[in-house]
1. With r defined as the distance between the Cβ atoms of ALA35 and VAL87 and R0 fixed at 41 Å, what FRET efficiency is calculated, to the nearest 0.05?
2. In the Gaussian network model of the chain, springs joining C-alpha atoms below 10 Å, which of ILE38, ILE97, ILE76 carries the largest mean-square fluctuation?
3. Using a Gaussian network model of the chain with C-alpha springs under 10 Å, which one of LEU129, LEU32, LEU105 is most mobile by mean-square fluctuation?
4. 222 nm [θ] for the chain, helices only, -39500 (n - 2.57) per DSSP H run of 4+, per residue, to 500?
5. Taking only Cα atoms and a 10 Å spring cutoff, compute GNM fluctuations for the chain and point out the largest among TYR22, TYR33, TYR85.
6. What's the local net charge at LEU90, with K and R +1, D and E -1, over the other residues with C-beta under 15 Å away?
7. What spacing in nm lies between the two simple spin-label points modelled at ASN61 and TYR121, each 7 Å away from Cα in the Cβ direction?
8. With all protein chains present, calculate the accessible area of VAL87 using a 1.4 Å probe and round the result to the nearest 10 Å².
Amino acid sequence: MKLKIITLLSLLLSFSAFSNEYQEEIDKFFNLYKAEKISQAVDSIYSTNKYVSSIPDQVQNVKNQLTAAKGMLGEINFINKISDYKVGDLMVQVTYIVTYDRQPLRFEFQFFKVNDGWRVYSFSFDDDLDDELKVLARKSALSNS
């Protein structure tokens with residue numbers, strides 16, 4: 001009986017650690033980003049996917065856009081995870097809102113599971129929050145009526 005409990009507990013702990021690997025990558029990204037090491041932050045998030053090295057121009061473009069955005073938006077005020085959407089045990093999309101002095105940005109990270117952990121599938125950021133916020137607020141208002 002003790003052996004079964006220990007085995008079950010170790011399986012649960014190992015699954016929990018395995019599923020949090022993508023969160024560790026996101027945390028590493030934001031730690032570098034907050035320290036204004038934008039190029040290293042982008043390299044860090046893409047380091048989980050060895051195939052990204054085949055598109056260096058696109059990675060450099062992301063670095064340039066993120067550096068330009070950071071310069072225009074001012075200081076970071078808050079970094080807040082707003083959703084963690086899982087597709088079974090194989091994919092996850094994690095969305096953050098980062099508020100700056102001027103306006104917020106949305107950061108989205110998509111990961112998929114491979115044999116040896118999680119691999120970044122997509123990383124993006126944008127400032128198209130206003131239309132979506134209106135839709136969600138209206139939907140919420142209608143459901144509360």
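1. Working: r = 32 Å, r/R0 = 0.78.
Efficiency, from the Cβ-Cβ distance: 0.80.
2. Of ILE38, ILE97, ILE76, the most mobile in the Gaussian network model is ILE76.
3. Checking each option, the largest mean-square fluctuation is seen for LEU129.
4. Values: 5 runs with 74 residues, N = 145.
Computed mean residue ellipticity for the chain: -16500 deg cm²/dmol.
5. Ranking TYR22, TYR33, TYR85 by mean-square fluctuation puts TYR85 first.
6. On the way: positive: LYS86, LYS113, ARG119; negative: GLU21, ASP84, ASP89, ASP116.
Computed value for this residue: -1.
7. Label-label distance for ASN61 and TYR121, simple model: 2.1 nm.
8. In the full protein context, VAL87 sits at about 80 Å².
The values are calculated or read from the model by the stated rules, or taken from the named source; none is laboratory data. A quick note: this is a predicted structure, and the numbers were derived from the prediction, not measured. Quick reminder, even Gly has a Cβ in these numbers, built from the backbone with ideal geometry, and neighbours come from all protein chains shown. We work out accessible area using only protein heavy atoms, side chains counted, and drop any ligands, DNA or RNA first. Shrake-Rupley method; radii C 1.70, N 1.55, O 1.52, S 1.80 Å.
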